[in-house]
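Contents: one structure, followed by commentary.
The values are calculated or read from the model by the stated rules, or taken from the named source; none is laboratory data. Keep in mind that what you see is a predicted model, and the values were worked out from it rather than measured. Virtual Cβ from ideal backbone geometry, glycine too; neighbours counted across all protein chains shown. The accessibility values were calculated without ligands, DNA or RNA, using every heavy atom of the protein model including side chains. Shrake-Rupley method; radii C 1.70, N 1.55, O 1.52, S 1.80 Å.
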Amino acid sequence: MAEELLKDYNPFDIFDAEAERLDRFFGGLDEAGWRRPSRCDGWSVRDVLAHLAGEELYNQAALDGTVQDLLARLAVEGVSGYNDFNEWCVESRRDLPVEDVLAEWRSKNADARRRMRALGPEGPLDTMVGPYPAGRQAFHYSSEYATHADDVGAPVSDDEADDRTFWRVAVGRFALAEQDADVQVEQTADDIWVYADGASTTLSYPEFVEATVGRLKPRDGLDPRVVSALRCLA
């Protein structure tokens, strides 16, 4: 079962670690640091923070059981779909002092992490796809936080790099299975073999992670069909 891929990891500890990484990084930035381009097309580091702060509207609604109310509110604002929501989160905070946006994210995210941990791995959250276990949702949130930490260049120490890659591989494989993606993945001790739509390739663990979150850069011998099939967390 796909859940077996995640059994050795605590989703709430991982979520805490990735949130703390971003918090440390954001807390040390000067004005030039906030303006620096991120790895997200068209977004500065400050925009990534605004995106994360805005997403807490959804995270809090999932905990409060009010996701449909939030969607109705967004519809009134003319916001429909994930991309629209992302841009709205950024634009609606663009004129606010960055200190206020950081304080908003810190407060709401800390509350969400505390409440999710209290629910436990199987505690239900209200989501756009219906009730969903808090533990699995924490894995999804952790993947997004890790991705955005990489997007803005938040440091990862040598001591934690391997373990961080391992859990991200596990979450990527879980997400592919959860979505019933039309892709075959075989993990060995050294790399990951992937087959999709008549094409196959071998990826390193970091490359596989980057592919699952839509950040893998083209290289010789890398078939775009495989890259497309692996994107499941972005």
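Summary of values
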quantity: Length-normalised contact order of the stretch 42-135 in % [C-alpha pairs under 8 Å, at least 6 apart]; calculated: 37
quantity: Unit charges on C-beta of K, R, D, E only; dipole of the chain, Debye; calculated: 300
quantity: Angstrom value of the Kirkwood radius, inverse mean 1/r, which spans all Cα pairs in the stretch 138-234; calculated: 13.6
quantity: Theoretical gain in end-to-end length, D64 to N83 [0.36 nm per residue, Cα-Cα removed]; calculated: 4.5 nm
quantity: Rg(Cα) / (2.2 N^0.38 Å) computed for the stretch 78-156, rounded to two decimals; calculated: 1.26
quantity: At least 18 Å along the helix axis (C-alpha) and Kyte average at least -1.0, DSSP helices within the chain; calculated: 11-27, 45-64, 98-119, 134-152, 158-178
quantity: Overall dimensions of the stretch 1-57 by Cα: Rg and Dmax, Å; calculated: 15.0, 47
quantity: Cα-based convex hull volume of the stretch 41-186 per residue, rounded to whole Å³; calculated: 146
quantity: Stretch gain in nm, segment E31-A103, where the contour uses 0.36 nm per residue and the Cα spacing is subtracted; calculated: 24.3 nm
quantity: Percent carbon-and-sulfur accessible area, the stretch 161-228, ignoring ligands, DNA and RNA, probe 1.4 Å; calculated: 45
quantity: The stretch 1-150, accessible surface, carbon-and-sulfur percent (1.4 angstrom probe); calculated: 52
quantity: Spin-label proximity, D159 to the stretch 1-44 - amide N less than 14 Å from point 7 Å beyond Cα toward beta carbon; calculated: none
quantity: Net length gained if the chain between L96 and K7 were fully extended (0.36 nm per residue, minus Cα distance); calculated: 27.9 nm
quantity: Mean shadow area of the stretch 158-205 over all directions, Cα convex hull, nm²; calculated: 3.5
quantity: At R0 = 35 Å, FRET efficiency that the Cβ-Cβ distance of R219 and L57 yields, to 0.05; calculated: 0.40
quantity: Pairs of alpha carbons in the stretch 62-116 whose separation is greater than 18 Å (percent); calculated: 48
quantity: Heavy-atom accessible area per residue - the chain, 1.4 Å, Å²; calculated: 50
quantity: Order by protection proxy (mean Cβ within 10 Å, highest first), peptides 29-35, 207-213; calculated: 207-213, 29-35
quantity: Mean ellipticity per residue at 222 nm, deg cm²/dmol - from DSSP H runs of n ≥ 4 across the chain, formula -39500 (n - 2.57); calculated: -19000 deg cm²/dmol
quantity: Where only alpha carbons of the stretch 115-194 are counted, the Rg and the Dmax (Å); calculated: 14.7, 39
quantity: For the stretch 1-120, the fraction of alpha-carbon pairs in successive 5 Å shells from zero, as %; calculated: 2, 10, 18, 20, 19, 16, 11, 4, 1, 0
